[in-house]
Amino acid sequence: MSQLLEVKVPDIGDFGAIPVIEIHVKAGDAVAAEDSLITLESDKATMDVPAPAAGTVKEVRIGLGDKVSEGTVIMVLEADTALPASAPPAAQPVAQAPVVASVIASAEPSAPPAEDREDELGRFRPAEQEPILAPSPSHVPSPGQMAAEMMGGHKAHASPSVRAYARELGVEVGRLTGSGPKGRILREDVQRYVKGLVSGAASASPAPTAAGGLNLLPWPQVDFAKFGPVQSQPLSRIKKLSGANLARNWAMIPHVTQFDEADVTDLEAFRTQVNQESEKSGGAKLTMLAFLLKACVSALRKFPEFNASLDGDNLVLKQYFHLGFAADTPNGLVVPVIRDVDKKTVLELAAETATLAKKAREGKLAPAEMQGGCFSISSLGGIGGTAFTPIINAPEVAILGVSKSETRPRWNGREFEPRLMLPLSLSYDHRVVDGAAAARFTTYLGQLLADLRRSLL
């Protein structure tokens, strides 16, 4: 006997208005119990909402980008068998527990429970809790509490926006006492704590901060409207997420930037010739970025400390070459990652970068297409500029900035001749790389770009 069920967003703690980033089914699809129906994404984590029972999807009531909260009806399901009347589907543990499964599955029992961590994209991953063996029923946390702890980071009761605000000020949320309902930490509590530190009213010693010991003053609160007309608009979601990562990376990583330039006169002539031939045959067009990716692989092989990540007191040297490139989109910069660059031709790299850049502009990049990078390239050559200081994309240890090439006179030993020079800006983590190694890296990279035959040696 079948039964129509309204599938609702189960208990997800105190979080509300969470956007829908993926819908895995459509009307008419058959699903099994526990199959993922939709994926939600907060500022801190993604969550899957599973099917409460096996059956057929009759109607989908939400769309991509819609914001939902606990109790929101997302679809109607015709269940294959009737559920007990005494147990509403939304309250069934089988429908709730998997909500945080995508977060819990990534936890490693040996990971230290007291620290927040970052994934390979530098995004915030909350602290993982030690498993509790054989808990008594009265102490088993609800799925909402589990989601709150996983998505929030610490055991302190605070929303993601308040945690982000605290991180901007360099405040450890676990040191605060909440004045909100049920001890919830509010924005005002963060401000009060910082003011107490500044005025000396805090009885405890200053808390260790996320910015390496910096006691930062609160951000200035200014009524800009009193100076003239203003217009307020919200930051895009990409800018909000990347902004926190960029601020963290800039504060936590000792950046040094090595400036150099490469003579790409012959390379550009070759690229133009290939593109003219390709235009006649309808093939893919070569870009300077494709050559840069290939040259960077050779440089990373020669200088393996640039293809590494810090893990505590250890340096993880990577044996693979997954390179990211900054893609400009209407909502902000994202970094797609091309895997196994060393195994692909320049033509294949040109085609793949074009495909990923198009998906980035359309907002269709999958999470897997932005993970696993070990070195990044940020190219502003198509826009302009002579040099800039790119921010390292943690946990990587270096990033290459590329500006607009320019024809300039160069002395060849007998006379000045016009040469096309490409500016390079290599930012590196000074804890891993020293200045001499950075200079050698850019010098070698310049030699490769001047004559790619060197990459065959």
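Panel note: the C-alpha atoms of the stretch 255-365, placed on their principal axes, show extents of 55, 35, 27 Å (largest first).
If we count other beta carbons within 10 Å of each Cβ, what is the order of S281, S236, fewest first?
Details: S281 6, S236 14.
Lowest count first: S281, S236.
Straight Cα distances below 17 angstrom link K239 to the lysines K44, K364, with same-chain residues fewer than 8 positions distant left out.
The order of the peptides 70-79, 421-430 by mean Cβ neighbours within 10 Å, most packed first, is 421-430, 70-79. Extending 7 Å from Cα along the Cβ direction at N412 and again at D35 yields two label points whose distance is 6.8 nm.
Dipole size of the stretch 254-456 about its Cα centre, with +1 on Lys/Arg Cβ and -1 on Asp/Glu Cβ: approximately 360 debye, rounded to the nearest 20.
Once you sort the root eigenvalues of the Cα gyration tensor of the stretch 327-457 as a ≥ b ≥ c, which label holds: rounded (a/c under 1.5), prolate (a/b larger than b/c) or oblate (the other case)?
prolate
For each pair in K285/K343; K280/K359; K318/K344, compute the distance between the two Cα atoms and list the pairs where it is over 24 Å. In this structure, K280/K359 exceed 24 Å between Cα atoms.
Considering only L310, A351, S376, and ranking their Cα positions along the charge dipole of the stretch 254-456 that arises from unit charges at the beta-carbon of Lys, Arg, Asp and Glu, the one farthest toward the positive end is A351. Peptides 309-322, 282-295, 342-355, ordered by how many other C-beta atoms sit within 10 Å of their residues on average, highest first, read 282-295, 342-355, 309-322.
Placing unit charges on each Cβ (+1 for Lys and Arg, -1 for Asp and Glu) gives the stretch 280-332 a dipole about its Cα centre, and among L286, G324, V297 the Cα reaching farthest toward its positive end belongs to L286.
Between S161 and K343, take the C-beta separation as r, use R0 = 30 Å, and let me know the FRET efficiency to the nearest 0.05. Let's see the in-between values first.
On the way: r = 43 Å, r/R0 = 1.42.
The formula returns an efficiency of 0.10 here.
Here each label is just a point 7 Å from Cα along the line to Cβ, and for F227 and L4 those points are 5.8 nm apart. Going from the fewest other Cβ atoms within 10 Å to the most, the residues D266, D451, D48 appear in the order D451, D266, D48.
Highest-first packing order for the peptide set 393-403, 370-380, 223-233 is 393-403, 370-380, 223-233, based on the mean count of other beta carbon atoms within 10 Å.
Note on I23, I253: ascending count of other Cβ atoms within 10 Å places them as I23, I253, the fewest first.
Each value in this text was obtained by applying a stated rule to the coordinates, not by laboratory testing. Small disclaimer: the values here were computed from a predicted structure and weren't measured. For neighbour counting, all protein chains shown are included, and Cβ atoms are generated from backbone atoms with ideal geometry for every residue, glycine included.
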